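The values are calculated or read from the model by the stated rules, or taken from the named source; none is laboratory data. Note that the structure is predicted; figures quoted are calculated from it, not measured. Here the Cβ positions follow ideal geometry from the backbone for every residue, glycine too, while neighbour counts run over all protein chains shown. Protein only, heavy atoms only, side chains kept; ligands, DNA and RNA dropped before computing areas. Shrake-Rupley method; radii C 1.70, N 1.55, O 1.52, S 1.80 Å.
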There are 2 protein chains.
Amino acid sequence: MHELIDELFIGSLGGKTLKEKKDSAVIRLGGESYAFTTDSYVVSPLFFPGGDIGRLAVSGTVNDLAVCGAKPLYISLGLVMEEGLPKKTLEKIVVSIGAASKEAGVEIVTGDTKVVERGACDKIFINTSGIGKIVYKGLEIGRIKHGDVVMVSGPIGDHAISVLSKREGLGFASNIKSDAVPLNGLISRIVKASAGIRFMRDPTRGGLGTTLNEIVRDGSFGIAIDEEAVPVRGTVRSACELLGYDPLYLACEGRVIVIAAREDAGRIVRAMKKDSLGRGSAVIGCITKEHKGRVYLRTKSGGKRIIDMLAGEQLPRIC
Amino acid sequence: MHELIDELFIGSLGGKTLKEKKDSAVIRLGGESYAFTTDSYVVSPLFFPGGDIGRLAVSGTVNDLAVCGAKPLYISLGLVMEEGLPKKTLEKIVVSIGAASKEAGVEIVTGDTKVVERGACDKIFINTSGIGKIVYKGLEIGRIKHGDVVMVSGPIGDHAISVLSKREGLGFASNIKSDAVPLNGLISRIVKASAGIRFMRDPTRGGLGTTLNEIVRDGSFGIAIDEEAVPVRGTVRSACELLGYDPLYLACEGRVIVIAAREDAGRIVRAMKKDSLGRGSAVIGCITKEHKGRVYLRTKSGGKRIIDMLAGEQLPRIC
């Protein structure tokens, strides 16, 4: 997918903005900087412990804006529905979209619905695009320095396991709730806590492992992660052992990776912990001069393991 | 669908902006007005005479912005693809998206791709959302006055019949090319030609008949259309007769309905005709005091026929 995006999309369509390959495009409107982002949601099943496709669609787009330092303002909503989708199902999803946008303080301003015949789409797909005003500038991979600290705002993989538990009927994991949540409130606490925030990103598809790989991609530094420091719930870990998944590649929909100056780490973690969405925050690693372009794990047993970009998708239709 | 939108979406999500139910939302950013719109494209087949889903996705969103008086600037691109979609097919579509955005002078700034398993979606669906700066203000249904003139920029129904000819293998109609085209250039000629433009809209899904019904919906005026004045190509008319369709409900993707002061009609039509995309422009009717909230056709035989809002879709997956 990364190659496809680089070659085909950026080759045929790019534009300097697209070339920057950020979670959100930074666009100029009336002399000010805004973030603009789009995401399609195809999660299956539509409802899972702790969330549903509607909550996911709002949270995901709000979070893509917020990690770019933007205050999310306006969201568009595009639905593709399969003929025969029960009205009750659609209602539940739309109500959930309404609740999540309220939670995030964004306004759904425009929408579109298309209905296709039975079998032409699996129940419902949702696209949300969002516009936010950049209020915290300069969050750039280019600002990351050797010695900076890598933090995560809570345990990883809850979203993926909650969807999987519903999809596969894994009873033992049914107490794991998706972390899907709009993070703009937490993120505004984070940027207020320190002027030393270099970069943020939400580890969605591909999880922490893939997201960190995207961050080291240009090869000017490496990232070292301490296996013991990465927060993973016991049930998520058990589910992974049972199913042969690596928690590092599990999608989150309500977590943020924060890279910041070492001296501000304590302050930032304290600020995150004050917010209910950041209670499980932890410092998980640091930026290194060695292993440039690589993410590596310092294992519990004292070894080192390279964490590669995930080839293919570990869990399809997780978002 | 209109009821569903009113009750469910506006009820659960609205938002004063959503309540306005325009083709594009008008949003305020940094003290200026911008238009923001979203559309999903599910057309089948993906390629048809004169266009493809990619060209459609760019043109449709550009046109939704332009009819609101906005200069289209930035477009987002969300793709949902079925596993096994040939790379060549995707390439052709992306190249077409690139060409159409160049034609329209807009930049694709952000994107997202999702792949679902075989059978979970029919080949590819595209969402485009767009942002434009409102440069021509005050295009409002509320500005329409009795006696105003209704124009259309060219023959109707070419898009629908081109898709249908490909879908159903109608050889005799295969010389009909879709009208799918970005209209922002033509529209900027139109607004320059007259200060008396009241309102514009592109007659896409549901065609001229449905779009005019949306315009009269609030009940303060009626619209009278002269059957003889409505431009329809001979082949399109024949296809309709054969298949039992009414040309008034056929989707266009490169036509604009313009409502303007009567005294400016000649000037506007002349301006449109100067542009290759408006060569087939015509005055087709006027705004009336009678039949408030209704669209009626003065037939060739001198009778009157009420043109209702289309119940259901005449042609599914036409855009």
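Some points to look at:
- Condition check for B:Phe125: among the aromatic types (Phe, Trp, Tyr) and surrounded by fewer than 17 Cβ atoms within 10 Å (Cβ to Cβ): no
- B:Lys88, sole failed condition from (1) facing chain A (nearest Cβ under 7 Å); (2) without any contact (Cβ under 8 Å) to a residue 24 or more places away in the chain: (1)
- When the stretch B:272-319 is filtered for residues that are under 17 Å from the mean Cα position of the chain (by Cα) and under 30 Å from B:Ile124 (Cα atoms), the ones remaining, listed by number, are B:Leu277, B:Met309, B:Leu310, B:Glu313, B:Gln314, B:Leu315, B:Pro316, B:Arg317, B:Ile318, B:Cys319.
- Residue among A:Ala25, A:Ala70 that is more than 9 Å from every other protein chain (Cβ to nearest Cβ) and open to solvent by less than 50 Å² (accessible area, probe 1.4 Å): A:Ala70
Let's see how each residue does on (1) among the aliphatic types (A, V, I, L, M); (2) within 13 Å of A:Gly154 (Cβ to Cβ); (3) surrounded by 19 or more Cβ atoms within 10 Å (Cβ to Cβ):
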{"site": "A:Phe221", "(1), (2), (3)": "no, no, yes"}
{"site": "A:Leu248", "(1), (2), (3)": "yes, no, yes"}
{"site": "A:Ala251", "(1), (2), (3)": "yes, no, yes"}
{"site": "A:Val256", "(1), (2), (3)": "yes, yes, yes"}
{"site": "A:Ile268", "(1), (2), (3)": "yes, no, yes"}
{"site": "A:Glu290", "(1), (2), (3)": "no, no, no"}
{"site": "A:Thr299", "(1), (2), (3)": "no, no, no"}
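- In the stretch A:93-115, the qualifying residues are those that are more than 10 Å from chain B (Cβ to nearest Cβ) and surrounded by fewer than 17 Cβ atoms within 10 Å (Cβ to Cβ), and the one that is nearest to B:Gly130 (Cα to Cα) is A:Gly105.
- Evaluation of B:Tyr34 against (1) in contact with a Leu (Cβ under 7 Å, 6 or more places away or on another chain); (2) buried (at least 24 other Cβ atoms within 10 Å of the Cβ); (3) facing chain A (nearest Cβ under 8 Å); (4) under 24 Å from B:Val163 (Cα atoms) (one fails), failing number: (4)
- Filter result (of a type in the set (Lys, Arg) and open to solvent by less than 20 Å² (accessible area, probe 1.4 Å)) within the stretch A:139-154: none
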